[in-house]
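Since the structure comes first, as structure tokens, the remarks are kept for the end.
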Amino acid sequence: MFRRRYEPKGEGGADRVTVAVEGRTLEVPAGETVAAVLLAAGIVPTRTTPVSGAPRAPYCMMGVCFDCLVEIDGSPNRPACMVPVADGMSIRRQCGARPA
């Protein structure tokens, strides 16, 4: 559904990082947001709502709507569209309400 308009090029993969998405290892362009990486990898929805369990995915891509909340490195409720990927990052979809 989504694809990158370009593939970054660099010597020895210097501009790529490795992230883990629910146990799946992805090599992705450095500097992209978590939301962009998830969309390009076809990993949607990124969360479900706490009350009805309705699926949600990145919508505004600028930190306003909060539909792209994910768990990053064990920290829940992180807006995926505002967080750039980092090497070794662990990303999980957020289902329902976070544990109390």
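The numbers here are math on the coordinates, done by the rules we state, and not lab data. All values reported here derive from a predicted model rather than from experimental measurement. Positions of Cβ are backbone-derived with ideal geometry, glycine not excepted, and every protein chain shown enters the neighbour counts.
Once backbone amide H atoms are built at 1.01 Å from N, Cys68 has Tyr59, Ala80 as its partners under 5 Å, excluding neighbours fewer than 5 places away on the same chain. Once backbone amide H atoms are built at 1.01 Å from N, Val21 has Leu26, Ile91 as its partners under 5 Å, excluding neighbours fewer than 5 places away on the same chain. The H on the amide N of Val83, modeled in the peptide plane, is under 5 Å from the matching H of Val34, Ala35, each at least 5 residues off or on a different chain.
With θ taken as phi - 60° and the Karplus curve 6.51 cos²θ - 1.76 cosθ + 1.60 applied, the whole-hertz 3J(HN,Hα) list for region 43-60 is 9, 9, x, 8, 7, 10, 6, x, 8, 9, x, 5, x, 9, 9, x, 10, 8 Hz, x standing for glycine and proline. When the Cα positions of Val17, Phe66, Gly53 are compared along the charge dipole of region 17-95, Gly53 comes out farthest toward the positive end, with charges on each C-beta of Lys, Arg, Asp and Glu.
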